[in-house]
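Undergrad: There's a structure below that I have some questions on.
The values are calculated or read from the model by the stated rules, or taken from the named source; none is laboratory data. In this text, all values refer to a predicted model and were calculated from it rather than measured experimentally. Using ideal geometry, Cβ is built from the backbone for each residue, glycine included, and neighbour counts are taken over all protein chains shown.
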Amino acid sequence: MRELFQPSSEQFNLSTILGALGDPIRLRMVKFLAENGENNCSSFDIDLQKSALSHHFKVLRESGLINVRIEGKQRFLSIRTVELESRFPGLLDAIIKNI
């Protein structure tokens, strides 16, 4: 299995993060993770095809917003809170409070 690209916190780019959050579906995903903590991909109650959901997860992961942990055949998603807060203090809180 190939390894998924997840940028280091030094590679975070504000415009990429804001671009990823520019989609209402991805905003819902981030809000869900902020409220519920780590969850697997099937936990999201979003009426989209699996390929579309995978695309949104990929955009969030590659922007640095979420971490994907693979356990067997499941993928668990979580917000990279510590890294985001370290790189862009207050950004995540400001976004989540205004969703």
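Undergrad: Yes or no: Lys73 at pLDDT below 95 and not β-branched (Val, Ile, Thr)?
TA: Yes: the conditions hold for Lys73.
Undergrad: How many residues does region 3-33 hold that are of a type in the set (Gly, Ala, Ser) and surrounded by 17 or more Cβ atoms within 10 Å (Cβ to Cβ)?
TA: 1
Undergrad: A follow-up question, please. Here is a check on your reading of the model: is Arg80 under 12 Å from the mean Cα position of the chain (by Cα), surrounded by 14 or more Cβ atoms within 10 Å (Cβ to Cβ) and either modelled with pLDDT under 95 or among the basic types (Lys, Arg) (or both)?
TA: The answer is yes for Arg80.
Undergrad: Also, quick follow-up: More than 18 Å from Lys97 (Cα to Cα), touching a Phe, Trp or Tyr at 6+ places or on another chain (Cβ under 7 Å) and not aliphatic (A, V, I, L, M), is that true of Arg61?
TA: no
Undergrad: While we're on this one: Can you pull out the residues in region 83-95 that are over 14 Å from Lys31 (Cα atoms) and surrounded by 14 or more Cβ atoms within 10 Å (Cβ to Cβ)?
TA: Selection gives Glu83, Leu84, Glu85, Arg87, Phe88.
Undergrad: Among the residues of region 51-77, write down those that are surrounded by 15 or more Cβ atoms within 10 Å (Cβ to Cβ) and acidic (Asp, Glu).
TA: Glu62
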